[in-house]
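Shown next, in structure tokens, is the structure this report addresses.
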Amino acid sequence: MQKQREHWGSHLGFILAALGSAVGLGTLWKFPYVTGENGGGLFVFVYMFCTFFIGVPIFIAELILGRRAQRGAVGIFAVLANNSAFWKFVGWLGVASSFLIMSFYSVLAGWGLNYVLMSLSQFYVGRSAQEISGTFDIIASSADITLFWHFAFTALTAAVVYRGVRQGIEYWSKFMTIGLLAILIVMCFYATTLSGFWEGFYFIFYPDPSRFKPSAAIDALGLAFFNLSLGQGIMLTYGSYMRKKDDIPKIAGIIGLMIIVVCMLAGLMIFPIIFTFGFQPQAGLGLVFKTLPVLFAQLPGALFISTAFFTLFVFTALTSAVALVEVVAANFTDLFGWTRHKAVWVTAISCCVFGIPSALSNTDTLFANWPVIYGKTFFKTIDDLVSLWLLPIGGLLIATFAGWCLPSQISKEEFDSGTNLSWIFYPWLFFVRWICPVAIICIILQQSGIIDIDTFFSSLKK
């Protein structure tokens, strides 16, 4: 017999938990750069369009499926698809995605924890720019340091999820997400005092058609899709903790809007610092762990700025990691009848163990030859497997199920429950059935390299 399912204590609690899960590390190091490189203001407009008309409809679909079934990602399809093996596999795809993401996400977040401690100790004092930047290479190539922080972050995440939905995830998400937003806003205000603020603002927001390529629309689609935590089983699981009176369309719209705002703030925080010192914009680990620490050391109040940024980094990672662990643990409790405590620790230990190769990717260990064989590190291999294939395919199949397989009277009943936005049900259904699947297929084709959108459009002009 299915146990009574725990529910969110409040609308605000769910919104902050969902927002925290969606605002991942990519928001800090990828969105501002991709925006600037793809036409600035034009890209922002396309990104906003994709968020509301591609991302939010699938977001709503995942919440509807979760709330209707009151199960985790796999159990949802067991209930709503009459125990179909294929659709249960789709649920497992989301669980596997969350598991794999957590295995390397904890390595990144562990480095962030390390940099919080290093910032408090002012590790940059008396060191040259080359030495500050090179510190990350030393850390990443150190097996003992990376493993320690990998284990520490995983344990911290498990401790939050261990407490349950209300007392653990919802309670701590309120503090962490509000803390995240507060730090982000303070650092944005600080950025306005820098000489490079307007150059950074121009880089991100000025609409430059000459820099906007057809592939930029696909990049915007991909960012909108991933920034909403779609295809990972997260919103399926979080939706299962919603109550019937919760207004799904309204909540989804609020979260979509807030994610856009956070992305804008992230750009306004980072790029004024970059341009103040004449550095070139970049994305990824190099920006966060190499470039920014060098620049922080040259700013007034370096201790505060560096510590605040890496605390923001950790909060961003932790709110996402909590959701990733919950996806896997919720399925163990649903399918095997485990207690939450057992499910959480089995999940955490499994993710931790599987993450060891990612943690050792840059060290002289058994995995040192992985790039020679596969062309990239183990860390990057898992990252690409998830982002290029598992998440888009999972999102495509969920949109297909919600749009075509789930009886429309069921989806309408869930859509209409607790909302005064019933009139948008049929437009939503149209987008889920037709627009979203086509958009996701474009993401898969472009990101996998099967087609090149820019080359395709160039050939049409000839």
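Dividing the mean sequence gap of close Cα pairs (under 8 Å, 6+ apart) by how many residues the chain holds gives a relative contact order of 33 percent.
How many angstrom lie between the C-alpha centres of segment 179-194 and segment 353-394? Spelled out, the Cα-based centre of one part sits 34 Å from the other.
Hydrodynamic estimate: the Kirkwood radius of segment 43-190 over Cα pairs, inserted into Stokes-Einstein at 4 °C and 1.567 mPa s, corresponds to D of 67 µm²/s. So for segment 48-105, Kirkwood radius off the Cα pairs, Stokes-Einstein at 10 °C and 1.306 mPa s: how many µm² s⁻¹? Rounded, D is 128 µm²/s. Using a cutoff of 8 angstrom between alpha carbon atoms and counting only pairs six or more residues apart, the relative contact order for segment 321-417 works out to 13 percent. The residues of segment 261-351 expose on average 29 square angstrom of accessible surface per residue, using a 1.4 Å probe on protein heavy atoms. A crude spin-label estimate for the pair Ser408 and Ala85, with each label 7 Å from Cα along the Cβ direction, gives 3.2 nm. For segment 191-344, the Cβ-based charge dipole about the Cα centre amounts to some 300 debye (Lys, Arg positive; Asp, Glu negative; other atoms uncharged).
The alpha carbons of segment 355-462 occupy a box of 59, 47, 22 Å along the principal axes, longest dimension given first. In terms of distances greater than 32 angstrom between alpha carbons, the cross-link table entries Lys88/Lys250; Lys213/Lys380; Lys88/Lys244; Lys174/Lys244; Lys88/Lys245; Lys250/Lys380 yield Lys250/Lys380. Length gained on full extension, Leu460 to Glu6, computed as 0.36 nm times the residue gap minus the Cα-Cα distance: 158.0 nm. Across the accessible surface of segment 136-205, with the other protein chains kept in place and a 1.4 Å probe, carbon and sulfur atoms take up 73 percent. Here r is the Cβ-Cβ distance between Leu120 and Ser448 and R0 is 41 Å; the resulting FRET efficiency, rounded to 0.05, is 0.45. Between Ile435 and Arg163, the simple spin-label model (points 7 angstrom out along Cα→Cβ) gives 4.0 nm. Using every pair of distinct Cα positions in segment 228-356, the Kirkwood expression returns a hydrodynamic radius of 17.9 angstrom. Here the spin labels are modelled as points 7 Å beyond Cα on the Cα-Cβ line, and at Ala155 and Thr365 they lie 1.7 nm apart. Run a plain Debye calculation on segment 376-433 (Cα atoms as equal point scatterers, no solvent) and give log10 I(q)/I(0) at q = 0.24 Å⁻¹, rounded to two decimals, same order as the q list. With one equal scatterer per Cα and no solvent, log10 I(q)/I(0) is -0.91. Between segment 108-125 and segment 248-265, the alpha-carbon centres lie 30 Å apart. Helix screen, the chain: DSSP H segments with Cα axial length of 24 Å or more and mean Kyte-Doolittle hydropathy at least -1.0 are 85-120, 143-162, 171-191, 248-276, 302-336. When you count the other C-beta atoms within 10 angstrom of each residue and take the mean per peptide, 423-432, 231-240 line up highest first as 231-240, 423-432. Listed options for Cα Rg over 2.2 N^0.38 Å are (1) 1.35; (2) 1.04; (3) 0.95. The value calculated from this structure is the one marked (3). Per residue, the solvent-accessible area of segment 195-235 (1.4 Å probe, heavy atoms of protein chains only, all protein chains present) comes to 39 Å². Remark on segment 155-199: hydrodynamic radius 12.4 angstrom, per the Kirkwood mean of 1/r across alpha carbon pairs.
The values are calculated or read from the model by the stated rules, or taken from the named source; none is laboratory data. A quick note: this is a predicted structure, and the numbers were derived from the prediction, not measured. Note: ideal-geometry Cβ built from the backbone for every residue, glycine included; neighbour counts use all protein chains shown. Accessible surface areas use protein heavy atoms only, side chains included; no ligands, DNA or RNA. Shrake-Rupley method; radii C 1.70, N 1.55, O 1.52, S 1.80 Å.
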